[in-house]
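The values are calculated or read from the model by the stated rules, or taken from the named source; none is laboratory data. Predicted model only: the values in this text are computed from it and were never measured. For neighbour counting, all protein chains shown are included, and Cβ atoms are generated from backbone atoms with ideal geometry for every residue, glycine included.
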Amino acid sequence: MPDEIEKNKSRPNAQIRKFVLAAVVLSLGFSLSLWKLASFALHDELFSYILLIPFTSVYLARLQAKKLPALSLSGKTWANIFFIAGLAALAAHFLKPATAVADSLVLPTLAFILFLTGAGFLFLGGAMMRALAFPFALLVFMIPFSNAMRDGIETWLQHGSAAVAGWMFAASGLPVFHDDLLFHLPSVTLQVAPECSGIHSTLVLFIVSLVAAHFFLKSPWKCVVLCLAVIPLALLRNGFRVFVLGELCEHISPAILDSPIHHHGGPLFFALSLLPFSLLLYFLMKSERPKNPEIPPATQD
């Protein structure tokens with residue numbers, strides 16, 4: 001019996017070692033694509049978060065180490081599915097190579113994640129992969145947006161933010177002529193440019209909402225509520241930023257457009273958006289019922 005217990009204890013460690021070795025081999029095989037991805041993320045403000053995603057996933061997986069099952073049978077069926085999907089992504093990449101840098105990184109990165117997940121099912125097994133589902137799922141954010149997707153999201157955020165800013169200007173009573181993305185104020189004209197869409201901070205806050213929901217919320221619908229709340233928060237944050245700039249230009253000086261408040265004020269407004277986000281998270285946490293409420297001990301007469 002003691003030998004059997006020791007055997008079961010050593011099994012997860014052996015599985016993890018095999019997976020780590022497979023991950024190293026895959027990383028070497030995709031080293032050129034991963035190096036291009038890291039270089040691209042390092043020089044692109046939108047995708048700078050990509051460099052943190054693998055380390056975040058590893059950290060989250062380590063937090064689950066004590067909760068990993070002692071017995072996890074190899075999930076060969078799921079492994080084959082992910083391997084086939086990875087091969088399909090690689091084939092599509094080589095059959096129709098993209099010219100834009102971001103577009104050329106989408107399919108190789110997707111293939112790497114699919115192969116890595118397949119290796120997880122093959123060496124770690126189904127039970128262990130269920131326990132590590134979130135760290136593996138988070139790796140999806142290593143995939144950069146294609147140029148078309150990026151442009152679409154930026155355009156939507158631009159118009160949504162302009163609409164919110166228009167409502168704020170109307171409520172303030174400041175005379176403004178709102179023309180799509182343009183705001184003609186008495187002394188200055190503001191334009192909600194792609195750089196003002198807030199796509200980077202919105203994406204970062206969305207990732208934060210996923211991690212916060214994973215750690216602090218149990219109810220699936222409350223996790224969805226927290227993550228979806230990022231969208232109206234993004235529009236309110238960006239619209240409020242345009243509104244504040246307009247008010248400052250009118251009441252202080254149009255030179256505000258050349259000040260750090262305009263060019264480097266993004267982090268400040270992002271921090272402000274964390275306040276309602278934190279309050280919503282706190283409310284959702286407080287509204288959850290404990291999974292195992294303590295039953296008071298019976299009293300004797």
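Of all residues in the range 176-192 being over 15 Å from residue 244 (Cα atoms) and surrounded by 14 or more Cβ atoms within 10 Å (Cβ to Cβ), which is modelled with the lowest pLDDT?
Across the range 176-192, the extreme among qualifying residues is 178.
With respect to residue 155, determine if the residue is assigned by TED's automatic domain parsing to the domain that holds residue 248 and under 27 Å from residue 206 (Cα atoms).
yes
For residue 138, state whether it is of a type in the set (A, V, I, L, M, F, W, C) and buried (at least 19 other Cβ atoms within 10 Å of the Cβ).
Against the criterion (of a type in the set (A, V, I, L, M, F, W, C) and buried (at least 19 other Cβ atoms within 10 Å of the Cβ)), residue 138 qualifies.
Restrict the check to the range 220-233 and report whether at least one residue is within 25 Å of residue 142 (Cα to Cα) and touching a Cys at 6+ places or on another chain (Cβ under 9 Å).
So far as the range 220-233 goes, no, none of its residues is within 25 Å of residue 142 (Cα to Cα) and touching a Cys at 6+ places or on another chain (Cβ under 9 Å).
Looking at 201, 197, 219, can you tell me which residue is under 14 Å from residue 161 (Cα atoms), touching an Asp or Glu at 6+ places or on another chain (Cβ under 7 Å) and not assigned by TED's automatic domain parsing to the domain that holds residue 61?
It is 197.
Taking the condition among the aliphatic types (A, V, I, L, M), under 21 Å from residue 138 (Cα atoms) and in contact (Cβ under 8 Å) with a residue 60 or more places away in the chain, does residue 81 pass?
no
So which helices (runs of 4 or more DSSP H) stay within the range 23-121 end to end and still have 2 or more residues that are over 21 Å from the mean Cα position of the chain (by Cα) and more than 24 Å from residue 205 (Cβ to Cβ)?
31-43, 76-95, 101-119
Filter the range 74-110 for residues that are surrounded by 14 or more Cβ atoms within 10 Å (Cβ to Cβ), aliphatic (A, V, I, L, M) and under 22 Å from residue 46 (Cα atoms) and give the result.
If the condition is that a residue be surrounded by 14 or more Cβ atoms within 10 Å (Cβ to Cβ), aliphatic (A, V, I, L, M) and under 22 Å from residue 46 (Cα atoms), then 98, 101, 102, 105, 106, 107, 110 are the ones that fit.
I'd like to know if the range 230-244 contains one or more residues that are surrounded by 18 or more Cβ atoms within 10 Å (Cβ to Cβ) and in contact with an Asp or Glu (Cβ under 7 Å, 6 or more places away or on another chain).
No, that holds for no residue.
Checking residue 115 against (1) in contact with a Pro (Cβ under 8 Å, 6 or more places away or on another chain); (2) under 20 Å from residue 38 (Cβ atoms): exactly one of these is not met. Which one?
So residue 115 meets the others, but not (1).
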